[in-house]
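Accompanying notes for the structure given below.
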Amino acid sequence: MFKKIQEWFDERIGLTELINEFNGERIPARGGWAYTFGSLLAFLFIIQVVTGMFLLFYYVPYFPMARNSTYFLKHHVLMGNILLGIHLWGAFTMIFILLVHMSRVYFSGSYKKPREMQWVAGMVLFSVVVILGLTGYMLVGNENSWWTINVLDNVASHVPFIGGFIRILVKGGTETSVLTMQHIFAIHVWLLPIVVIMFIPIHIFLVRKTGEQGMALEYKNSKLSDDDINKWKHPDATVPFFPDQLFKDMIVALGVFAVIYFLAVYYGAAIGPMYRPLALNFAPEADWYFLANEELLKYFPGHGLIIFSTFLVPVLGFAILFALPFIDRGHERSPFKRPAATVLGILFLLLLVYLTLIGGEPKAPATV
Amino acid sequence: MTKSSEDSPSRRTFMTVIIGLISAVIGVAVAIPILGTILSPLFKKRDIVWAELGKIDDLKKIEPLTPKFVPVYFRVKEGWTINTLPRQVIVVKDITGKLYFFSNQCTHLGCPLHWIPARQKFLCPCHGGMFNVLGKVVGGPPPRPLFQWVHKLNNGTVLIQNKFMDNPKDRGV
Ligand code: HEM
Ligand code: FES
């Protein structure tokens, strides 16, 4: 029976061949676990889309109602707390795994010629996923959402020359209003997901087009010199994507998903108080992945310097990261053979952790 | 019968140009209204209204150099709705008896300020900005003194506008 159906399709569109081509991709054999993070991200993204779609059955993007509809979903919809929890912890996990995936690509030098475009497509995904996280935070419609919208709008207003316009455009008006929420909503549920849905296949297509590259340890037996671009095309040993690599991918996916599920059930998603513009002792907090940036805003005091923390430093940092493959053009891949890049990378990660930790400290006593 | 592109290179060029042109025309035609909807907020004027704060005689009775937080409610048109925007006005009387009407939004990035009586300062919970009771920056990243609401006196009642004084970039609110 099954065979018959397969034949029916094969006769017309050559389905088996198509599947075999996708599944048969040769993956370098030694670093298998390190290569699971990309698939994990794709998996997590699918989870976000599926859970998000059903959050929409209840969510209302209108400022006073948004928070209450989320509250209703959590407390009065059967297992709504789990659905919301998966969406929240899935988002957190995705941002964390993005950093892991980027680190693995960075330290193994996998972004080097001919894989520059993979990195660039990856950076697009990175930016979009972070903005998805931020807009999601705003959509809850609680007190933190309100202040996050206002603070980030004000950050945007410091862009040289066009800052004021940007501020109005992202707000959808001059006040933080119903239009602001509707804009953020459209961006979060439709515009940015579409960008991700377009860029994941582009990213994976590019990765496969140049061949899965893997890390330097895949090339121990190679006689070619590191400068020879051909060296990086022929790893010592490869395995087929299906089932060898997918097997590992699925084990990691299950492990991570189990953690997300646990967090969703036991911690759920905190909804927080309704927004009260008149509150006198409220201390807005950013989501954890934004704390490093938040910390940056504390430095550079005064009128002339504010541009550094709101614009120059973040934009410059981002631009360097974006253009990394074009800046670091050495041929060495092994982290041990390019100590400068490795040390810089480790320092950067440490700085990120440090800023995040101190960014989370309370900055002023709420009340004394 | 028309020639195929394989018969003549110029035919091929012609077709390529037409394909490109058609794509461009359709693309631009769709992009124009999309740009319109995105840029539309730039062409809308902010709804500026007055709201009552309180009687000047009552406000004058507050302790000097002790801020009093007084809520004010603006009825403002936002998009297709009219909403009440509650905002805080910090009323401060200096030693000469002059009244100031500050906003409680930090001039750095707009977080809500806390008054800390023990230190006689406004502290910002976001990045540690500090202001003294008369709105001067005394620490942290804020680039300018506290915003003051545009206000006027009308028959003994203080009216506040949803607009800050000397705020050319229209930040805050
Ligand atoms: C939603 C986000 C992302 C998804 C779904 C994704 C997916 C993948 C997948 C499936 C692979 C192949 C296997 C692996 O090594 O994991 C891969 C490789 C790669 N990714 Fe990503 N990725 C994402 C984000 C990023 C980001 C943010 C960057 C860097 C800025 C990046 C850079 C790369 C590069 C350069 C490779 C090639 C590695 C090699 O050939 O060895 N990716 N990605
Ligand atoms: S918003 Fe007050 S110090 Fe940054």
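The values are calculated or read from the model by the stated rules, or taken from the named source; none is laboratory data. Just so it is clear, the structure is predicted and the values come from calculations on it, not from any experiment. Virtual Cβ from ideal backbone geometry, glycine too; neighbours counted across all protein chains shown. Please note that ligands, DNA and RNA were not included when accessible areas were found on the heavy atoms of the full protein model with its side chains. Shrake-Rupley method; radii C 1.70, N 1.55, O 1.52, S 1.80 Å.
Residue A:202: net charge of surrounding residues, Cβ under 15 Å, Lys/Arg +1, Asp/Glu -1, itself excluded? Once all neighbours under 15 Å are counted, the net charge is +2. Remark on residue B:79: its backbone amide H falls under 5 Å from none of the residues 5 or more positions apart or on other chains, H modelled at 1.01 Å from N.
Applying the criteria of a DSSP loop state and at most 11 other Cβ atoms within 10 Å to the trypsin sites (Lys or Arg not before Pro) of the stretch A:221-326 yields A:223. Summarising the overall dimensions of chain A from its C-alpha atoms, the Rg and Dmax are 23.1, 78 angstrom. From its DSSP helices (H runs of at least four residues, each -39,500 (n - 2.57)), the protein assembly as shown gives a residue-normalised ellipticity at 222 nm of -15500 deg cm²/dmol.
A straight Cα-to-Cα reach below 16 Å connects residue B:60 with the aspartates and glutamates B:52, B:94, residues fewer than 8 places away in its own chain not being considered.
Of the trypsin sites (Lys or Arg not before Pro) found in the stretch B:51-106, those in coil by DSSP whose Cβ has at most 11 other Cβ atoms within 10 Å are B:61, B:98. With Cα atoms defining each centre, the stretch A:1-55 and the stretch B:24-84 are spaced 50 Å apart in the structure.
Pairs from the table (B:44/B:169; B:55/B:98; A:74/A:298; B:68/B:136; B:121/B:169; A:171/B:55) lying more than 23 angstrom apart at Cα are A:74/A:298; B:121/B:169; A:171/B:55. At the nearest 100 Å², what buried accessible area, both sides summed, do you get for B and A when the probe is 1.4 Å? Buried: approximately 3600 Å² between A and B. Think of the stretch A:264-368 as having a plus end and a minus end, set by charges on the Cβ of Lys, Arg, Asp and Glu; of A:278, A:315, A:296, A:315 sits farthest toward the positive end of this dipole. Within the straight-line cut-off of under 24 Å between alpha carbons, the lysines reachable from residue A:220 are A:112, A:113, A:209, A:231, A:233, A:248, A:337, sequence neighbours fewer than 8 places apart in one chain being disregarded. Projecting the Cα atoms of A:86, A:186, A:126 onto the charge dipole of the stretch A:76-214 (Cβ charges, centred on the Cα centre) puts A:126 farthest toward the positive pole.
Distance between the C-alpha centres of the stretch A:60-88 and the stretch A:264-333: 26 Å, rounded to the whole angstrom.
Calculated accessible area for the protein assembly as shown comes out at 53 Å² per residue, all protein chains present (probe 1.4 Å; ligands, DNA, RNA ignored). Under a model in which nothing but the beta-carbon of Lys, Arg (+1) and Asp, Glu (-1) is charged, chain A shows a dipole of about 280 debye around its Cα centre. Comparing the full protein assembly with the isolated chain, the residues of the stretch B:131-173 losing at least 50 square angstrom of accessible surface (1.4 Å probe) are B:141, B:143, B:171. Ordering B:116, B:80, B:106 by Cα displacement along the dipole of the stretch B:1-130 toward the positive end leaves B:116 in first place; charges were set at the Cβ atoms of Lys, Arg (+1) and Asp, Glu (-1). Stokes-Einstein diffusion for the stretch A:142-277 at 37 °C, viscosity 0.692 mPa s, with a Kirkwood radius from C-alpha pairs, works out to 162 µm²/s.
The chymotrypsin sites (Phe, Trp or Tyr not before Pro) of the stretch A:88-182 that meet both conditions, a loop assignment by DSSP and at most 14 other Cβ atoms within 10 Å of the site Cβ, are A:161.
Overall shape of the stretch B:29-96 was characterised from the C-alpha gyration tensor. The equivalent ellipsoid obtained from it has semi-axes of 41, 12, 8 Å, in decreasing order.
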